[in-house]
1. Between 45, 49, 72, 38, which is free of Cβ contacts under 8 Å to residues at least 60 places away in the same chain and part of a strand (DSSP E or B)?
2. With the structure loaded, tell me whether residue 56 is surrounded by fewer than 11 Cβ atoms within 10 Å (Cβ to Cβ), over 30 Å from residue 136 (Cα atoms) and within 24 Å of the chain's Cα centre (by Cα) or whether it fails that test.
3. So how many residues does region 52-69 have that are touching a residue at least 12 places away in the same chain (Cβ under 8 Å) and either under 26 Å from residue 89 (Cβ atoms) or out of contact with any strand residue (DSSP E or B) (no Cβ under 9 Å at 6 or more places or on another chain) (or both)?
4. Output the residue which, of all residues in region 7-34 that are out of contact with any helix residue (DSSP H, G or I) (no Cβ under 7 Å at 6 or more places or on another chain) and modelled with pLDDT of 85 or more, is nearest to residue 114 (Cα to Cα).
5. Being without any contact (Cβ under 8 Å) to a residue 60 or more places away in the chain, within 21 Å of the chain's Cα centre (by Cα), loosely packed, with under 15 Cβ neighbours inside 10 Å and not in a strand (DSSP E or B) narrows it down to one of 89, 107, so name that one.
6. Residues in region 65-86 that are surrounded by fewer than 19 Cβ atoms within 10 Å (Cβ to Cβ) and under 26 Å from residue 148 (Cβ atoms): how many?
7. Determine which member of the set 117, 166, 123, 128 is modelled with pLDDT of 90 or more, in contact with a strand residue (DSSP E or B) (Cβ under 9 Å, 6 or more places away or on another chain) and either closer than 26 Å to residue 87 by Cβ or loosely packed, with under 13 Cβ neighbours inside 10 Å (or both).
8. With respect to the numbered conditions (1) touching a helix residue (DSSP H, G or I) at 6+ places or on another chain (Cβ under 7 Å); (2) loosely packed, with under 14 Cβ neighbours inside 10 Å, which one is the sole condition not fulfilled by residue 62?
């Protein structure tokens, strides 16, 4: 589930930041857990281990579809994802926030039942490179909402038969016959 959500978020970010309608110079976007060298120039890193929270309690939904009964256990989640812009002034993160509501871009998330619940402000954070030189970094947190569920077909139980011996924890036994 989380892999599908994060892949969709990656596509969403790429579509906003590297969209030909909203000109960009082709910014690299990398997942935070990739074992690759750091790119040169300006790039965006997506934290691929979002902070997850369950919203409320799971609920059961029973549906009758033409005589077949389905039971679905649904639960809603929210995931806080950090986006980092390195070697930039936060311009691309600001663009991410500005253009997220364009219908074509919003549909990328909506088609996968994901939504933006809220976002923070773009913060500039000074950071040191290994060679003791300053580099520019900015960060923004966006909270996404999405659901998960398990759906299964319910069968009717018409007959139950059992015959045998039940053993309790104390070692005592009793014979049982159920028809």
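1. Result: 45 is the single residue among 45, 49, 72, 38 that is free of Cβ contacts under 8 Å to residues at least 60 places away in the same chain and part of a strand (DSSP E or B).
2. yes
3. 0
4. 9
5. 107 is the lone residue from the list that is without any contact (Cβ under 8 Å) to a residue 60 or more places away in the chain, within 21 Å of the chain's Cα centre (by Cα), loosely packed, with under 15 Cβ neighbours inside 10 Å and not in a strand (DSSP E or B).
6. So the first thing to find is which residues in region 65-86 are surrounded by fewer than 19 Cβ atoms within 10 Å (Cβ to Cβ), and the list is 65-78, 80, 82.
Narrowing the set further to residues that are under 26 Å from residue 148 (Cβ atoms) leaves 65-66, 68-78, 80, 82.
Final tally of qualifying residues: 15.
7. Numbers: 117 fails: either closer than 26 Å to residue 87 by Cβ or loosely packed, with under 13 Cβ neighbours inside 10 Å (or both); 166 fails: modelled with pLDDT of 90 or more; 128 fails: modelled with pLDDT of 90 or more.
Going through 117, 166, 123, 128 in turn, just one is modelled with pLDDT of 90 or more, in contact with a strand residue (DSSP E or B) (Cβ under 9 Å, 6 or more places away or on another chain) and either closer than 26 Å to residue 87 by Cβ or loosely packed, with under 13 Cβ neighbours inside 10 Å (or both): 123.
8. Residue 62 satisfies every listed condition except (1).
The values are calculated or read from the model by the stated rules, or taken from the named source; none is laboratory data. Note that this is a predicted model, so its numbers are computed, not measured. No Cβ is skipped: glycine too gets one built from the backbone with ideal geometry, and neighbour counts run over all protein chains shown.
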